[in-house]
Amino acid sequence: MNPNWRSFLESTEAVFAGDSPEIHSFGDAAGELQAAGRQTVIVPLTHLALIEATGEEAKAFLHSQFTSDVNHLEDGQAQHAGWCSAKGRMQASFVLWHEAGNYRLLLAADLLEATQKRLQMFVLRAKVKLAAQHDHVLLGLAGEHAGEALAEAGLVAPVVPLDIIAGDGCTVLRLDAGRFIIAAPAAAAPGLWQKLTVKARPAGTPAWRWLDVQAAFPLVTLATKEEFVPQMADFEKIGGVSFHKGCYPGQEIVARTQYLGKVKRHLYRLSSGVPLQAGDDLFSPDNLDQASGKVMSAAPAPSGGFAALAVVQSNFAANLHLGSREGPQVQAVAVNPA
């Protein structure tokens, strides 16, 4: 995390979670969660990071590594993408966008170093350069007046989800119907923050994670690395998998899983009276063989309790417990009902 950006955020009353780059709150965690559901909020996305891929063979390289069709990604557009192991398990998930001939990879910050290092191993003689963008910061903007906030800051809001608009060194990505992500140079970020907070209330990382749960945004983090084939996280349903492109790591297993119809685990929203966190195992008394699910992301809920996204074995979703078969019961609802 850029140290100058951290110092600036601390001067605006951001409370960091210990040594973590994640922001606990701006002094009113409960109020910020309420605001995320009803108002316009701005969140420093310090739990996310960017890798930039440049060079004349960047498109071909990324196409050969990722689950989505990079060859047909137009300039000014974004898409979900996964990077799998040879066993078809996702090592990382990205929002990948094409900007002025180059590519940016948005991923979990706790996977940045390992992902960049391992991707670099496959570059070989390809004319492509991978660089972590430590000189940029990421801001999340959500709510009814997000477009107005962008306009007052001199930025243009893309109309269509997964489109981008770049200008004056900043890039605005429309992540979904109600949310935007801004990538801005670190030097310009304090001034941009001051303009955006005229219309948007500052909020901590938990508020954005709760919005992720509501939007069913499946982010792979260190806690869930290599746990899921893409279809377990319903990744193909958001355009994150192409079944018509050439080979990529794990492609044979991903394709076989799809065409044989053997996916028994899918993405669910959870509600719980006890805290949940990414990587938590879920068990069912009806399944004595193994865990029946794993939490992908979680956050406190504005209405009380906790909310999460989890990959769950569908036939045991009606009877799930946290941590053990005797643990606290959690409620699960399929994101994409069969």
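Yes/no per residue for (1) in contact with a strand residue (DSSP E or B) (Cβ under 9 Å, 6 or more places away or on another chain); (2) closer than 18 Å to His134 by Cα; (3) at pLDDT below 95:
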residue: Ser7; (1), (2), (3): no, yes, yes
residue: Ala17; (1), (2), (3): yes, no, yes
residue: Ser20; (1), (2), (3): no, yes, yes
residue: Ser25; (1), (2), (3): yes, no, no
residue: Ala30; (1), (2), (3): yes, no, no
residue: Ala35; (1), (2), (3): yes, no, no
residue: Gln39; (1), (2), (3): yes, no, no
residue: Ile42; (1), (2), (3): yes, no, no
residue: Thr46; (1), (2), (3): yes, yes, no
- Within the bounds of the range 122-144, is there any residue that is closer than 16 Å to Met1 by Cα, free of Cβ contacts under 8 Å to residues at least 40 places away in the same chain and among the acidic types (Asp, Glu)? no
- When the range 265-276 is examined, which residues are found to be surrounded by 14 or more Cβ atoms within 10 Å (Cβ to Cβ) and either more than 23 Å from the chain's Cα centre (by Cα) or under 17 Å from Pro218 (Cβ atoms) (or both)? Arg265, His266, Leu267, Tyr268, Arg269, Leu270, Leu276
- Message: Could you go through the range 111-124 and let me know if any residue there is in the same structural domain as Gln194 (by TED's automatic domain parsing) and under 27 Å from Ala177 (Cβ atoms).
- Response: yes
- Message: Condition first: surrounded by fewer than 17 Cβ atoms within 10 Å (Cβ to Cβ) and not assigned by TED's automatic domain parsing to the domain that holds Leu309. Can you find one or more residues in the range 198-206 that meet it?
- Response: yes
- Note on the structure: Reported set for the range 125-149 where residues are modelled with pLDDT under 95 and touching a Phe, Trp or Tyr at 6+ places or on another chain (Cβ under 6 Å) is Ala126
- Query: What about Ala81, is it under 17 Å from the mean Cα position of the chain (by Cα), modelled with pLDDT of 95 or more and either among the aliphatic types (A, V, I, L, M) or assigned to a strand (DSSP E or B) (or both)?
  - Reply: yes
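Matching residues to (1) among the polar types (S, T, N, Q); (2) in the same structural domain as Ala207 (by TED's automatic domain parsing):
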| site | (1), (2) |
| --- | --- |
| Phe228 | no, yes |
| Glu236 | no, yes |
| Ser272 | yes, no |
| Gly293 | no, no |
| Ser303 | yes, no |
| Leu322 | no, no |
| Pro328 | no, no |
- Message: Among the residues of the range 305-334, what is the count of those that are crowded, with 16+ Cβ neighbours inside 10 Å and in a strand (DSSP E or B)?
- Response: 13
- Query: From the list His63, His98, which one is crowded, with 19+ Cβ neighbours inside 10 Å and part of a strand (DSSP E or B)?
  - Reply: His98
- Using the structure shown, decide if Gly261 is modelled with pLDDT of 95 or more and surrounded by fewer than 18 Cβ atoms within 10 Å (Cβ to Cβ). no
- Query: Looking at Pro275, Pro302, Pro285, Pro337, which is the one that is part of a loop (DSSP other than H, G, I, E, B), free of Cβ contacts under 8 Å to residues at least 12 places away in the same chain and more than 25 Å from Leu96 (Cα to Cα)?
  - Reply: Pro337
- Message: Could you check the range 150-168 and list, in sequence order, the residues that are in contact with a His (Cβ under 9 Å, 6 or more places away or on another chain) and either modelled with pLDDT under 95 or not β-branched (Val, Ile, Thr) (or both)?
- Response: Leu162
- Item | Conditions (1) of a type outside the set (A, V, I, L, M); (2) touching a strand residue (DSSP E or B) at 6+ places or on another chain (Cβ under 6 Å); (3) not in a strand (DSSP E or B); number of the one not met by Arg104 | (3)
- Query: Of (1) out of contact with any Asp or Glu (no Cβ under 8 Å at 6 or more places or on another chain); (2) touching a residue at least 24 places away in the same chain (Cβ under 8 Å); (3) not aliphatic (A, V, I, L, M), Asp19 satisfies all except one. Which?
  - Reply: (2)
- Note on the structure: Conditions (1) in contact with a helix residue (DSSP H, G or I) (Cβ under 8 Å, 6 or more places away or on another chain); (2) modelled with pLDDT of 95 or more; (3) in a loop (DSSP other than H, G, I, E, B) -> Gly246 fails only (2)
- Message: Looking for something modelled with pLDDT of 95 or more, part of a strand (DSSP E or B) and in contact with a strand residue (DSSP E or B) (Cβ under 9 Å, 6 or more places away or on another chain) - is there at least one such residue anywhere in the range 186-193?
- Response: no
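The values are calculated or read from the model by the stated rules, or taken from the named source; none is laboratory data. Model, not experiment: these values are computed from the prediction. Cβ coordinates were reconstructed from backbone atoms using ideal geometry, including for glycine residues, and neighbour counts include every protein chain displayed.
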